[in-house]
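Every read-out reported here was derived from the displayed coordinates using simple, explicitly stated rules and does not represent laboratory data. Just so it is clear, the structure is predicted and the values come from calculations on it, not from any experiment. Glycine also receives a Cβ, built like all others from the backbone with ideal geometry; neighbour counts cover every protein chain displayed.
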Amino acid sequence: MNENKNETRADRARFSPASGLAKALGAFSEAARKYRVEWWILVAGIVVVGLIVFMTIFPGLFTSFNPNDQSAGPQLGAPSFAHLLGTDNLGRDVGARMVYGARTILGVAIAASLLSALIGIPLGLVSGFAGNWLDKVLSLIMDSVYSFPGLILAIAFAAMLGPGVINITLAVSVVYIPTYFRLVRGQTLQIKEELYVEAARAIGARKSVILAKYVFPNVIATVVVVFSLNIADAIMTEAALSYIGLGLPAGIPDWGMDLSMGKKFLPSGVWWMITYPGLMIMFLALGFTMLGEGLSEILNPRLQEY
Amino acid sequence: MKRVLVSLLVIASVLAISSCSGKGSGGTLVYGTTDKVTQMDPASAYDQHTWELFNNIDESLLTYTPGTSEIVPGLAESYTVNDKGDEYTFKLRKGLKFTDGTAFTADTVKWTVDRAAALKGDPSWLVTQFVKEVQVVDPLTVKFVLTGPTAFFPSVIAGNPPYYPLSPSVYPVDKIVSNPSELKGGQLVGLGPYKVTSFKRDEEVVLEANPNYYGAKPKYKKIVIRYFADATTMRLALEKGDIDLVYKSLNPSDIKDLASNPKITTNTLPGPFIRFLCFENSQSVFKNKKLRQAVTALLDRPEINQKVYLGQNAPLYSMVPQGMIYASEDFKTAYGDANVAKAEELLKSAGYSAKKPLDFDLWYTPTHYGDTEVNLAEVMKAEFEKTPLIKVTIKSAEWATYKQQFNHKQMGAYLLGWYPDYVDPDDYTAAFAQTDASAGEGIFFSNKEWDAAFVKEEQSADPKVRAEIFAKIQKDWTDEVPCAPIFQGTLHVLTKTSVTGVKIGAPLIFRYDTLEPAKQ
Amino acid sequence: MRRILRYVAGRLVLTIPMIFVLLSLVFLVLRVMPGDPVSAMLGEHAPAAYLQEKKHALGLDKPIAAQYVDYIGQILRGDLGKSMIFEEPVAQPIFEKLPATLELTLFGLALCLAIGIPLGVRAARHRRTGHDFGIRLYANVVYCIPVFWMGLMLQMVFGVFLGVFPIAGRTGSRIIVSDFDTTGLYVIDTIIHGDIASLGDVLFHLALPAVTLGVTLSGIFVRLTRANMLDVLKSDFVLASRARGVPEGKVVYGHALKNALIPIVTMLGLQFSALLAGAILTETTFSWPGMGRLLLERIYLRDYPVVQGVIIVYALLVTVVSLVVDLLYAVIDPRVKL
């Protein structure tokens, strides 16, 4: 066997699928012990994401206003004690729209990522494992979509399907299917050459069993990382679609739409309508990015002498 | 490294200074707009902005005195009407030539009108509805035989581009033209005060004074129209002095700010531009008149005007706008605003309750009427939901789909707007309630008595008869409510104080040749 | 030479399936869209018979499979078709707007590299110090900033409050574009015509949009450069150079960087896609008359042929760039055998 200097404890523990969890826990405790920077990044990510998820579940703790209430305050009111983040052009409280908007964007992003994963992962597994004409065709399609600017595809789909939560979720998810496909296919190709897989085949284990018991668990760690980073990306794509006007219908608080609405009032000196939605998008995406990055560095540290 | 930075700074400042010197104005006016040109073909374009261009590069047989509704001779120096009122004979001016040198004759007029009718574009009904046949009597005399006596035909021919003569040597007779580059010779030709010298879609259109024009020469020899993607940047450009004039499409907040800017002149025109809520009267839940009345009762026009438009428009209480002859305010007396009590009474009598509310979709189109539209829908939803007996879902579709949907009866309640085709109350009433026209706007209202009344007023030249008919129609409108008026638009033209001469009247025709630099 | 040609030909052959896949995808998507362009075009006053006639003339009444075959055949002949809404060939608006997008994307890319690479090198050189963490933080944060928000913030600060840079369009309102417009790339055009005043104006208009694109996407290059540099700095030849006494600066910026650049070049291809996507949002924010705005407008108008055409052009752009990049890679890295 090759002495791969980048091989980690995690790699060596690949023999048994159940050790997946064990290796992860091991890496975590190692990181925590050494107080590595990556550990702190992970913590930061967990805190931010946790806070925002908490906000989506208990919005009432963060604001007392209804985000659609047009009589909440004056039109275009600057941030004040009554309205910490100000009010928008129809008199709605901006803070409330930030809090409730989190549900919308997070919901769409997570749902879209899940959908992409649910489609991309099985396809990747099958394709990598089968390796014949099916693999070639699927790879061609997925590579084409992957190298193409994702936002443009999302725009085309969103325009076709029209406004609506489900439609936007579908539009966004299309963009990320190739990501999961390629990741999983690559890993599958690697793993299927492993000795233990060959052994399993020799005993006559069915392909589906091999996929489920040996391939899938080893792929999962990377998938989780990619999932987190993917959510960050999906958040940005959803915000972009709403900003262009292809997002959700009016009546659902949405950060992207608030941004594009607020931009009209900027020359009048109204800065709060665009500053806060942008900050929120950034923080949410950053949270998931740090979560993903932190996880990635800990589970698969690149360089040992680091 | 430092040297590199310093030299970069030097280059940057040199470029900055040199770009500041810019080009002087010297008889050039820069006009900013967020509208778009559709097709440069009067037989097919049916939008305000493209029509505005045609109003300046061409003219009709009759025209309006700028800034008024007074009809005066245009390319025709006079006309006569027969006794019945269904034949108009025009005597054309002598010796007029298109910008490419082609002579303007009665044949040109017939060719143009026949072409407009044949190509069946959007505005072709303005020809086919009224004109049966065009006859060439002699090279300078042309006779319009109408489908029926039409007292207001002069206002139909005066402001509608399908009637503006085109040169047969340039325009193809069987195709609609989008860009000037498709024409023979690659240039638009016309008979108006200006000609188009450069056309770059969505970027700029350059107009220069037409030396062949029969009338007075414009003071601004060159007009550059700059196309902006959004109103906010256009407002900033005006403030900075990059552009000289802005017409329409500024956001209400920008209009408000600029009104107090000493370097900007704000011209306010009470435009006969109306916005209203349409119902689908034949199949949707709104075929029940009571529900139409209930929803109308809940409208709070002053609130809409304040919240969405910062008070810049005017609440409208009849489909016929204020300033038009025979206009009334019947909706004010019949419903008032935010009449929750009346609405609930009507809803309850129709069988609705808080447990079983009237649940409907309110449709709007996001950019066709400006991007304040979503706010209009949101405010209206809040107004309708003041009573627990109603539940509204806001839906939107962009214009292409919107039009298709209302033609296919797919929207029960939707917002629409209307610029006049000709200045007459008929264009604000029959257009929505006469059986065929109503179907064309997706309203599908039909009432035989009303249809008969419309025919009567269209064919009568007696103001007393017409006043009586319109009074009754407007009153009956509050009962049947095929559509409900919301507000009447105020149009704003904002210019630098150095620009004067903005003259736009009820027909909403904007002629650039009245503009002139202010006298110091 | 012949090997290079064969390589190019081979790569081109591979790009055809990709364009085919994308085209088919978009064709299907567009045909299923609600809202038919013929009614939108002719309006509600046109009689039903005429609508049918027009639909037939445009081939919209054939079954989808037949329309698809027709379309593919048309593309293979190099004909992008005619716009359904305006009577103009599809190629016309696309090639009118393409230079605008190219100019923006190229300047954005230049800024991206100009910011990303030096920062990445610095971070690698001073790894695990404050510099390194600060730069990595910058890279992560900047990637999460929505491009359009960055654009709006820049507009707000530099355009509105400070009034230093223009916030929309490619040229000032008083500059008449037709005076110098030749290729559509205004920077080049103004230089060709010697119109320095307009050149200054054009560059000033490019400033904020290019910075928006460049900064937001620089994060990726920072990380890439850093990772590659770290790898290279550990290699034997660097150790050897240092041992020989070569000054550290030369080691890092000379030998190491050249080697680290190779993988960056390969990433350029993929990053170009990200830049094109970011350019659409930048174009919307800055009223930049490019292909991104054209795409959005024509989707709105349901102008199928133009939308398809735009997507084909985007696909072509991406493949051409990755082809060029692959060639560059083969040229730079002597280890690669064509």
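For chain B, list the DSSP H helices whose alpha carbon atoms reach 24 Å or more along the long axis and whose average Kyte-Doolittle value is -0.5 or above? Let's see the in-between values first.
Values: long enough: B:2-21 (29 Å, 1.74); B:463-480 (25 Å, -0.96).
Span-like helices in chain B: B:2-21.
Label-to-label distance, C:VAL13 versus A:VAL43, with points set 7 angstrom from Cα along the beta-carbon direction: 5.8 nm. Taking amide hydrogens as placed 1.01 Å from N in the peptide plane, the amide H of B:TRP363 sits under 5 Å from those of B:LYS395, B:ALA413, B:TYR414, B:LEU415, each at least 5 positions away in sequence or on another chain. Roughly what percent of Cα-Cα pairs across chain C reach past 33 Å? Considering chain C, 43 percent of its Cα-Cα pairs are separated by more than 33 Å.
In what sequence do A:PHE54, A:PHE157 fall when counting other Cβ within 10 Å, fewest first? Spell out each step's value before the answer.
Values: A:PHE54 13, A:PHE157 23.
Ranking A:PHE54, A:PHE157 by Cβ neighbours within 10 Å, fewest first, gives A:PHE54, A:PHE157.
Rounded to the nearest 0.05, the FRET efficiency derived from the C-beta distance between B:THR268 and B:THR333 at R0 = 35 Å is 0.80. For B:LEU29, the residues 5 or more places off, or on other chains, whose built amide H falls under 5 Å of its own are B:LYS222, B:ILE223, B:VAL224.
For the protein assembly as shown, the Kirkwood hydrodynamic radius comes to 32.8 Å, computed from all pairs of different C-alpha atoms. Remark: relative contact order (chain C) = 28 percent; criterion is Cα-Cα distance under 8 angstrom and separation of 6 or more residues.
For chain A, what are the DSSP H helices with axial Cα length of 15 Å or more and mean Kyte-Doolittle hydropathy of at least -1.0?
In chain A, the long hydrophobic H runs are A:19-34, A:37-57, A:94-130, A:133-147, A:150-161, A:165-191, A:216-244, A:272-299.
Within the same chain, lysines fewer than 8 places from A:LYS207 are excluded, and of the rest, those with a Cα less than 24 Å from its Cα are A:LYS136, A:LYS192.
Taking the longest Cα principal axis of chain C as reference, the axis of helix C:196-233 is set at about 50 degrees.
Taking a straight Cα-Cα cut-off under 19 Å and skipping sequence neighbours fewer than 8 places away in the same chain, the lysines within cross-link reach of B:LYS94 are B:LYS110, B:LYS143, B:LYS217. Listed from fewest to most Cβ neighbours within 10 Å, the set B:GLU203, B:GLU383 follows the order B:GLU203, B:GLU383. What is the calculated FRET efficiency for C:SER235 to C:LEU162, with r their C-beta to C-beta distance and R₀ = 45 Å, to the nearest 0.05? Once the sixth-power term is evaluated, E becomes 0.45. A Förster distance of 30 Å, applied to the separation of the beta-carbon atoms of B:THR128 and B:THR367, puts the FRET efficiency at 0.50.
Between amide H atoms placed 1.01 Å from N, distances below 5 Å from B:TRP418 occur with B:ILE274, all of them 5 or more places distant or on a separate chain.
Out of all DSSP beta bridges with both ends in the protein assembly as shown, state the antiparallel percent to the nearest 5.
On the way: 60 of 77 bridges.
The antiparallel fraction comes to roughly 80 percent.
The string of couplings for the range B:482-496 from the Karplus curve (6.51, -1.76, 1.60, θ = phi - 60°) is x, 8, 10, x, 10, 8, 10, x, 9, 9, 10, 10, 10, 9, 5 Hz, one whole number per residue in order, with x for Gly and Pro. In degrees, nearest 10, range 0 to 90: what is the angle between the Cα axis of helix C:291-300 and the longest Cα principal axis of chain C? It is inclined by approximately 30 degrees. Pairing the Cα long axis of helix C:257-285 with the longest principal axis of chain C, what angle in degrees results, from 0 to 90 and rounded to the nearest 10? In chain C, helix C:257-285 runs at an angle near 40 degrees to the longest axis. Going by neighbour counts of Cβ atoms within 10 Å, the residues A:GLU193, B:GLU52, B:GLU303 line up, fewest first, as A:GLU193, B:GLU303, B:GLU52.
Cα gyration tensor of chain B, axes a ≥ b ≥ c as square roots of the eigenvalues: rounded (a/c below 1.5), prolate (a/b > b/c) or oblate?
Values: a/c = 2.04, a/b = 1.17, b/c = 1.74.
It is oblate, given that a/c is not under 1.5 and a/b is not larger than b/c.
The ratio of the alpha-carbon radius of gyration of the range B:413-520 to the globular-protein estimate 2.2 N^0.38 Å is 1.41.
For A:ILE119, what charge total do you get from the other residues with a beta carbon under 15 Å from its beta carbon, if Lys and Arg give +1 and Asp and Glu give -1?
Details: positive: A:ARG182, A:ARG185; negative: none.
Local net charge: +2.
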